[in-house]
Amino acid sequence: MNKAASHQKPTLSIIKIGGNVIDNTEKLATFLTAFCGLPGFKILVHGGGKMATKLSQDMGIEAKMLNGRRVTDAEMLKMVTMVYAGLINKNIVAQLQAQQCNAIGLSGADGNLILAKKRPIQQIKNSETGETENIDFGYVGDLDAQSVHTKNLSVLLNNGFIPVFSAITHNGEGQLLNTNADTIASALAVALSQIYDTSLIYCFEKKGVLRDVDDEQSAISEINPSIFETLQAQNIIHSGMLPKLHNAFEAINNGVKQVFIGHADELHLLHTQQFGTRITI
């Protein structure tokens, strides 16, 4: 073995699963089979699907939205913690164990793995009135470069565990926080790229970033910053895709080897480089 090969980083795939896949038993099972088949170290980050919203309605807890963004008050935090870190997380872990994938279900509080800061009150322009308002998003956590405890996470990975993260973090002072799952995946990828040869893959129910939101076959094969700027200027990218792309570029600009956005059903194509949309510098 030559000197360069001996210092090669081990590979790590960080997969984020969300959207309607979480709510579809059959699609989720297909995805988890493909996930188990990925080589090297791997981490799964999952969103909450529609289950938290439905259960909240059933229990009379009103889902509050401001400018299209969810507000997490004390009651909603209880609900998303139970659903994300409890029901959904443990269901995924049990299914992975059934396929001999030694998964361990986690929140950011476990092992102090992901430390977040409560989002401060923000001045945001109301899309309806046009006036600037002070908005408190409640118990929502934001991440920074120091959020991920890479040493503790590496201990789990190096001892054969497959971490499965829900979208729940903590502030280190006993307070749980609801944190965007796409952002968690990006933060994990950036932090762990110091130790591992890291790939970040966003999986959902579309074949990638679509040129035409109504045409499933219009996925764009590659997007770099220049192409992204052009697509934005032409209003081609659906607004719901923008946060995911911002997280993707954040990752690729900070040490992550490759980032893909694609359909959960096609994860098995990842090794062929024919999977979804590739984000490049």
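Taken together, the values in this text are just the output of simple stated rules run on the coordinates, not laboratory data. Note that this is a predicted model, so its numbers are computed, not measured. Here Cβ is always computed from backbone atoms with ideal geometry, including for glycine, and neighbour counts include all displayed protein chains.
Electrostatic bookkeeping for Leu28 treats Lys and Arg as +1 and Asp and Glu as -1; over the other residues with beta carbon under 15 Å from its beta carbon, the sum is -1. Residues of the range 108-145 falling in the label zone of Asn254, defined by backbone nitrogen less than 18 Å from a point 7 Å along Cα to beta-carbon, are 108, 113-120, 141-145.
If the segment from Asn158 to Gln146 were pulled out straight at 0.36 nm per residue, it would be longer than the present Cα-Cα gap by 2.2 nm.
Across the chain, Cα pairs under 8 Å and at least six residues apart give a relative contact order of 22 percent.
Straightening the chain between Ile124 and Ser221 buys 31.5 nm, computed as 0.36 nm per residue apart minus the Cα-Cα spacing. Here Ala94 and Ser239 are evaluated by their C-beta separation; at R0 = 41 Å the FRET efficiency comes out at 0.70. Less than 5 angstrom separates the built amide H of Tyr202 from those of Lys16, Phe260, Ile261, Gly262, all sequence-distant by 5 or more or on a different chain. Applying the Karplus relation 6.51 cos²θ - 1.76 cosθ + 1.60 with θ = phi - 60° to the range 100-109 yields 3J(HN,Hα) values of 6, 9, 7, 7, 9, x, 9, 10, x, 6 Hz, where x marks Gly and Pro. Could you tell me whether the chain comes out rounded, prolate or oblate from its Cα gyration tensor? Rule is a ≥ b ≥ c as square roots of the eigenvalues, rounded for a/c under 1.5, then prolate if a/b exceeds b/c, otherwise oblate. Judged from the Cα gyration tensor, the chain comes out rounded (a/c under 1.5).
Listed by Cβ neighbour count within 10 Å, with the fewest neighbours leading, Val83, Val155, Val213 appear as Val155, Val213, Val83. For the range 113-180, the list of GluC sites (Glu not before Pro) that fall in a loop by DSSP and count at most 12 other C-beta atoms within 10 angstrom reads Glu128, Glu131, Glu173.
The alpha carbon centroids of the range 72-101 and the range 187-216 are separated by 22 Å.
What FRET efficiency comes out for the pair Asn134/Asn112, r = Cβ-Cβ distance, R0 = 41 Å, nearest 0.05?
Numbers: r = 32 Å, r/R0 = 0.77.
It comes to 0.85.
Our coupling estimate for the range 262-267, obtained by passing each phi through the Karplus curve with A = 6.51, B = -1.76, C = 1.60 and θ = phi - 60°, is x, 7, 4, 5, 10, 4 Hz, Gly and Pro reported as x.
Of interest is the spacing of the C-alpha centroids, which for the range 239-281 and the range 141-180 amounts to 21 Å. In terms of surrounding Cβ atoms within a 10 Å radius of their Cβ, Lys50, Lys244, Lys27 rank from fewest to most as Lys50, Lys27, Lys244.
Each residue of the range 86-93 was assigned a 3J(HN,Hα) from its phi angle through the Karplus curve 6.51 cos²θ - 1.76 cosθ + 1.60 (θ = phi - 60°); the sequence is x, 4, 5, 4, 6, 5, 5, 4 Hz, with glycine and proline shown as x.
Among the DSSP beta bridges whose two residues both lie in the chain, what percent are antiparallel, rounded to the nearest 5?
If I count the DSSP bridges inside the chain, around 35 percent turn out antiparallel.
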